[in-house]
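Asks: One structure, as structure tokens, below. Some questions next.
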Amino acid sequence: MKTLPLFVCMLLSLAEAFIQTPIPPSSLKNYFRDTDGDSRMDEVQITFLGSLSPETLAEIDSLTVSWVNSIGHPILFKALSHDLQIDPASAKTLLYRLPEPVNTLQGLTSLRSAQFPFSYGKVHLYAAGGKPVEIQMQDAIPPAVLTAVLTSSETLFDTLALFFTEGISETPLSPCPLEFKPFGEKTVHELCPGSLEWLSENHARLTIHRKVSHSLHPGDSLRLLPQMFKDSLKNAAIAVTPFIAVTGTTPFLIHTVSKAEFTASAAHKSLPVFQFFVTPIDSEVPNIQEMGISLAVRGAALEKAIQNQIKSAAIDPAKIKFSISFQAFTNLGGYAAQTHFDISCTDKRFSSQGKGDCLRQAQKLFLRWNLMSAEKRAVATGIYIVKYSVAILYDGNVIFHREPPPQTWGVQHR
């Protein structure tokens, strides 16, 4: 019988002993993960050279994981063998899910950050009665948008600044790499920038055309579409990535409803065609029983936005004015009603104590259409085309302006 060389026999014996007792971890396919896309590390995955079983799992004493907690301090997680589980999809893979609620820093999606003077992203495996083994870990956490800042202008294009949680190595191939939800709505729309410019590896500047069918506003929320904006390790956004709020210099949020029901009663007929109200910021106007344009005016945010726009810290409320224009037409283009309304920041309706000041607190301005024609007749059930514009003026000059594309509103008699 032919025998193997002595050195080959020795290598095979060493390899067999190494793999069996205990099964060692691989130096590959060991990852930090974010399973729900919220930019928090929440799971550790370790791959072994052989298949695991409840018996081999019992040979593990514990596992430690170093990371950064939600306030930016170092944190050490210790998992005992009963905290670990074998991946149902692969018997060679061990999973450790961090305890709920996950107390890791949101927005930390890589193993390197100059933000912290200490090291993190270390995993040590302790076998029963053995020495700790440091696992060679990799980052499998997808990058995400950290902040999104929209700056309005008087041109047809606004500027959207995206700051990512880490450096991006690949520009998306799709012309529409993001999606967004308008403030207070559930409908999702794609976001297709006119241009994209990288200012640094984690900072991009996009131009957004305002006069599209659905335009982006501060207060809306957005997220990356799956497989867009990959990091250097080819990690990309996943389908469950949450939406994040868009901030910006536009100091008001516009809200409308697309359908309303009403009863043409005697009380309704006594109302004017249009009414204007200043309401609390949390009031739900308009709603299913009324139509109109609601502006959420955010006191301190309004003041700051005007300061930034006119390049002055001194703001005179008496020089601030809100202007709203409204037109409604039938679906065949016939004229229904229109109005134009101006209100000064110092109007007494902005205060319950006499002299008003729109900068004191956040409030809503609500221009309500009482679903009448200009002749004060209740409009018929049907579809109406609505055009409106909103502006803020300072000392007679327009400093903020929004004019969305025409909208279709449905009216239903009860």
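Asks: Label point 7 Å out from F183 along Cα-to-Cβ: which residues of segment 354-385 have amide N under 12 Å?
Replies: 362-365
Asks: Search the structure for amide H atoms under 5 Å from the amide H of E43, placed 1.01 Å from N in the peptide plane, and list their residues when 5 or more places away or on another chain.
Replies: R33, T35, L98
Asks: Rounded to the nearest 0.05, what FRET efficiency is calculated for V240 and N69 with R0 set to 22 Å and r the Cβ-Cβ distance?
Replies: On the way: r = 23 Å, r/R0 = 1.04.
E(calc), rounded to 0.05, equals 0.45.
Asks: Okay, moving on. Cα-Cα over 32 Å: which of K29/K186; K230/K304; K181/K321?
Replies: Values: K29/K186 38 Å; K230/K304 35 Å; K181/K321 29 Å.
K29/K186; K230/K304, as the Cα separations exceed 32 Å there.
Asks: Give the carbon-plus-sulfur fraction of the accessible surface of segment 360-414 in %, rounded to a whole number; probe 1.4 Å, heavy atoms of protein chains only.
Replies: 46
Asks: Between D395 and A300, what's the calculated FRET efficiency when r is the beta-carbon distance and R0 is 25 Å? Round to 0.05. It would help to have the intermediate numbers written out before the result.
Replies: Values: r = 20 Å, r/R0 = 0.82.
According to the calculation, E is roughly 0.75.
Asks: Follow-up. Which value, in Å² and to the nearest 10, is the accessible area of D61 when all protein chains are kept and the probe is 1.4 Å?
Replies: Counting only protein heavy atoms, D61 exposes about 80 Å² to solvent.
Asks: Would you kindly give the portion of the calculated P(r) for segment 245-375 that falls above 18 Å, as a percent of all Cα pairs?
Replies: Numbers: 5046 of 8515 pairs.
For segment 245-375, the share of Cα pairs beyond 18 Å comes to 59 percent.
Asks: Check G292: other-chain or 5+ apart residues with amide H under 5 Å from its amide H, H built from backbone geometry?
Replies: V257, W369
Asks: Right, another one. What nm distance separates the two modelled labels at E190 and H214, each placed 7 Å from Cα along Cα→Cβ?
Replies: Placing both labels 7 Å along Cα→Cβ, they lie 1.1 nm apart.
Asks: Now a separate question. Calculate the FRET efficiency for S27 and T171 from the Cβ-Cβ distance with a Förster distance of 51 Å, rounded to the nearest 0.05. Please report the intermediate quantities before stating the final value.
Replies: Numbers: r = 32 Å, r/R0 = 0.63.
About 0.95, to the nearest 0.05.
Asks: Could you tell me the relative contact order of the chain? Use alpha-carbon pairs under 8 Å, at least six residues apart, and round to a whole percent. Please report the intermediate quantities before stating the final value.
Replies: Details: 925 pairs, mean separation 49.3, N = 414.
That works out to 12 percent.
Asks: Could I ask something else about it? Taking 0.36 nm per intervening residue step and subtracting the Cα-Cα distance, what contour gain separates S232 from D357 on full extension? Can you show the working numbers first?
Replies: Numbers: separation 125, 0.36 × 125 = 45.00 nm, distance 5.08 nm.
Extending this stretch completely gives an extra 39.9 nm.
Asks: Can you give the local net charge around P99? Use residues other than it whose beta-carbon is closer than 12 angstrom to its beta-carbon, Lys and Arg +1, Asp and Glu -1. Provide the component values of the computation, followed by the final result.
Replies: On the way: positive: K78, R97; negative: D42, E43, D83, E100.
After counting each charged neighbour, the total is -2.
Asks: I want to verify a result. In a Gaussian network model of the chain, Cα cutoff 10 Å, which of these has the top mean-square fluctuation: A237, A127, A148?
Replies: A127
Asks: Can you tally the net charge around T171? Count Lys and Arg as +1, Asp and Glu as -1, for every other residue whose Cβ sits under 12 Å from the Cβ of T171.
Replies: On the way: positive: K230; negative: E170, E197, E201.
Spelling it out: positives minus negatives among the neighbours equals -2.
Asks: Further question on the same structure: Scan around I399 for amide H atoms under 5 Å from its own, H built in the peptide plane at 1.01 Å from N, and keep only partners 5 or more places away or cross-chain.
Replies: I392, L393, Y394
Asks: Dividing the alpha-carbon Rg of the chain by 2.2 N^0.38 Å yields what? Intermediate results must be reported in sequence, preceding the final value.
Replies: Values: Rg = 29.9 Å, N = 414, 2.2 N^0.38 = 21.7 Å.
Taking the Cα Rg and dividing by 2.2 N^0.38 Å, one obtains 1.38.
Asks: Right, here's the next one. If the elastic network links every pair of Cα atoms under 10 Å, which of L216, L80, L95 fluctuates the most in the Gaussian network model of the chain?
Replies: L80
Asks: Within the P(r) computed for segment 160-233, what percentage of the Cα pairs occupies the region above 20 Å?
Replies: Values: 767 of 2701 pairs.
Above the 20 Å cut-off, segment 160-233 has 28 percent of its Cα pairs.
Asks: Further question: In the structure shown, do any of K78/K122; K311/K348; K78/K131 have a Cα-Cα gap over 22 Å, and if so which?
Replies: Working: K78/K122 12 Å; K311/K348 27 Å; K78/K131 16 Å.
Violating the 22 Å Cα-Cα cut-off are K311/K348.
Asks: Given that compact globular proteins tend to follow 2.2 N^0.38 Å, what is the ratio of the alpha-carbon Rg of segment 125-202 to that value? Show your work: numbers first, answer last.
Replies: Numbers: Rg = 20.0 Å, N = 78, 2.2 N^0.38 = 11.5 Å.
Computed over Cα atoms of segment 125-202, the ratio equals 1.73.
Asks: In deg cm²/dmol and to the nearest 500, what is the mean residue ellipticity at 222 nm of the chain if only DSSP H runs of at least 4 residues count, each as -39500 (n - 2.57), divided by the residue total? Kindly include the intermediate steps, with their values, before the conclusion.
Replies: Numbers: 4 runs with 36 residues, N = 414.
Here the helix-only value at 222 nm equals -2500 deg cm²/dmol.
Asks: Please give the per residue accessible area of the chain, computed with a probe of 1.4 Å over protein heavy atoms only, in Å².
Replies: On the way: 21240 Å² over 414 residues.
Per residue, the chain has an accessible area of 51 Å².
Asks: If I model a spin label as a point 7 Å beyond the Cα along the Cα-Cβ vector, how far apart are those points for K259 and E375 in nm?
Replies: So the label points at K259 and E375 sit 2.9 nm apart.
Asks: With no solvent and one point on each alpha carbon, what is the Debye value of log10 I(q)/I(0) for segment 48-92 at q = 0.18, 0.19, 0.23 Å⁻¹?
Replies: -0.64, -0.68, -0.82
Asks: May I pose another question? Compute the distance in nm between two label points, each set 7 Å from the Cα along the Cα-to-Cβ direction, one at T408 and one at S90.
Replies: Each label point is offset 7 Å from its Cα along the Cβ direction, giving 5.0 nm.
Asks: Post the alpha-carbon centroid distance, segment 160-223 to segment 47-63, in whole angstrom.
Replies: 44
Asks: Let me ask another. If the chain between N308 and A128 were fully stretched, how many nm would it gain, using 0.36 nm times the residue separation less the Cα-Cα distance?
Replies: Numbers: separation 180, 0.36 × 180 = 64.80 nm, distance 6.24 nm.
Once the chain is fully extended between N308 and A128, it gains 58.6 nm.
Asks: May I ask for the net charge around I306, where only other residues with Cβ less than 11 Å from the Cβ of I306 are counted and Lys, Arg are +1 while Asp, Glu are -1?
Replies: Net charge in that neighbourhood comes out at 0.
Asks: For the chain, set up a Gaussian network in which alpha carbons nearer than 10 Å are linked by springs, and say which option among S90, S351, S325 fluctuates the most.
Replies: S90
The values are calculated or read from the model by the stated rules, or taken from the named source; none is laboratory data. Not measured: the values here are computed from a predicted model. Glycine gets a Cβ as well: all are built from the backbone with ideal geometry, and neighbour counts include every protein chain shown. All accessible areas refer to the heavy atoms of the entire protein, side chains included, with ligands and DNA or RNA removed. Shrake-Rupley method; radii C 1.70, N 1.55, O 1.52, S 1.80 Å.
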